[in-house]
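J.: One structure is given below, represented as structure tokens, and several questions about it will come after.
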Amino acid sequence: MTTELTEQERALLPSDDDVAFYAEHGWYLSGPLLTDDEVDRLAAASERYYAGERSRTLPVRPPRLAAWQPSDGPVQRHNDYVHYESDPIARILCKPLIGAVAARLAEAEEIRVFQSTLILKPAVAGEPSNIVPWHFDKHYWSTSTSERMLTAFIPFHDCDQEMGTLTVVDGSHRWKETGRDDSVTRHFAQRDRADLERVLAENAAFNGAEIRKLPLVIPKGCMSFHHCLTYHGSGPNRSDRPRRAVSLHLQDGGNAYRGFELSDGTAAAYNHDVLVRRLPDGRPDYADPEFCPVLWRSERSADHG
């Protein structure tokens, strides 16, 4: 699969300086990769999703599935696998331009979806679930071989600090980690916020690094990208409207499953492991196109594939 970009789309790809900035800082703010119409269609499709519309449902329920439903009430909503369950959402999330931008940043020849999570942060300043404490995504992806994975944060509107936008710890993807234990593989919602603040402080001190927290102001149609080792989080939504977005987690073409043993001898698991097809040796296939479709493949990669 080689996808041609238009001249206008090619102009939106990261420059060499942008790629160097991402390598140094661990994040990148794009230009308008989606049109206003595409964003509005994404928002409308998300409302239909919340109302129960599905193109298909997961064949089995993974053990750590985030799946908000109306009975959960006005908390922060997280719904995984929206690219699988909703074709209208997938048609926009799987826009090749998004994959091409990710490929430039990750310096990869192929980019596949890894996961997608639909998020709604209600306009309730004091709602505890609205606070997303400091974490980095690779902790949850311990069964993945790659350290080039990255996430596109895609708001459905202008997104600023008042709305609780994504905030990154600048350059933290280059830190060496200290004090890791099995708890890091658990979702941040299952961990103590103060403990995650402690982990961030300890890792910064271990690296002799300053903690520089940067709230990303993201205009409608634009998106941020952050490295899988970049610490990030977000604050409360103090605006008068919900903050709506998708976190689109992306993997480079070299990523594959690896066994990862926890301290008690059991194997770490990711939700994909009960869903995707199996490789001949029995490992879960993180390239299964049903759940991990290719967004972008370069001509060079296609020639060799």
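J.: State which residue is modelled with the highest pLDDT when the search covers only the stretch 193-213 and only residues that are within 25 Å of Met163 (Cα to Cα) and crowded, with 17+ Cβ neighbours inside 10 Å.
T.: Looking at residues that are within 25 Å of Met163 (Cα to Cα) and crowded, with 17+ Cβ neighbours inside 10 Å, I get Leu200.
J.: Further question: Return the total of residues in the stretch 224-235 being at pLDDT 95 or above and in a loop (DSSP other than H, G, I, E, B).
T.: 4
J.: For the stretch 56-123, give me every one of the helices (runs of 4 or more DSSP H) that falls completely inside it and has 2 or more residues that are modelled with pLDDT under 95 and farther than 14 Å from His249 by Cβ.
T.: No helices (runs of 4 or more DSSP H) qualify here.
J.: Any chance you could count how many residues in the stretch 199-226 are closer than 28 Å to Asp37 by Cα and either of a type in the set (Val, Ile, Thr) or within 17 Å of the chain's Cα centre (by Cα) (or both)?
T.: Adding up the residues that qualify gives 10.
J.: Being within 23 Å of Leu105 (Cα to Cα) and part of a helix (DSSP H, G or I) is the filter here, so list the residues in the stretch 129-141 that pass it.
T.: Answer for the stretch 129-141, where residues must be within 23 Å of Leu105 (Cα to Cα) and part of a helix (DSSP H, G or I): Asp137, Lys138, His139, Tyr140, Trp141.
J.: Go through the stretch 142-192 and report how many residues are at pLDDT 95 or above and not in a loop (DSSP other than H, G, I, E, B).
T.: Here the count works out to 18.
J.: Suppose the filter is farther than 28 Å from Leu34 by Cβ, of a type in the set (S, T, N, Q), surrounded by fewer than 22 Cβ atoms within 10 Å (Cβ to Cβ) and in contact (Cβ under 8 Å) with a residue 60 or more places away in the chain; does Ser263 pass it?
T.: yes
J.: I would also like to ask the following. Which residues, counting only those in the stretch 254-302, are of a type in the set (Val, Ile, Thr) and either in a loop (DSSP other than H, G, I, E, B) or modelled with pLDDT under 95 (or both)?
T.: Selection gives Thr266, Val276.
J.: Then there is this: Output the qualifying pairs, or none if there are none: Cβ atoms under 6 angstrom, residues six or more apart or on different chains, first residue in the stretch 271-290 and farther than 16 Å from Arg61 by Cβ, second residue at pLDDT 95 or above and of a type in the set (Gly, Ala, Ser).
T.: Short answer, once both residue conditions are applied: Tyr286/Ala256.
The values are calculated or read from the model by the stated rules, or taken from the named source; none is laboratory data. Model, not experiment: these values are computed from the prediction. In this analysis, Cβ positions are derived from the backbone assuming ideal geometry, glycine residues included, and neighbour counts consider all displayed protein chains.
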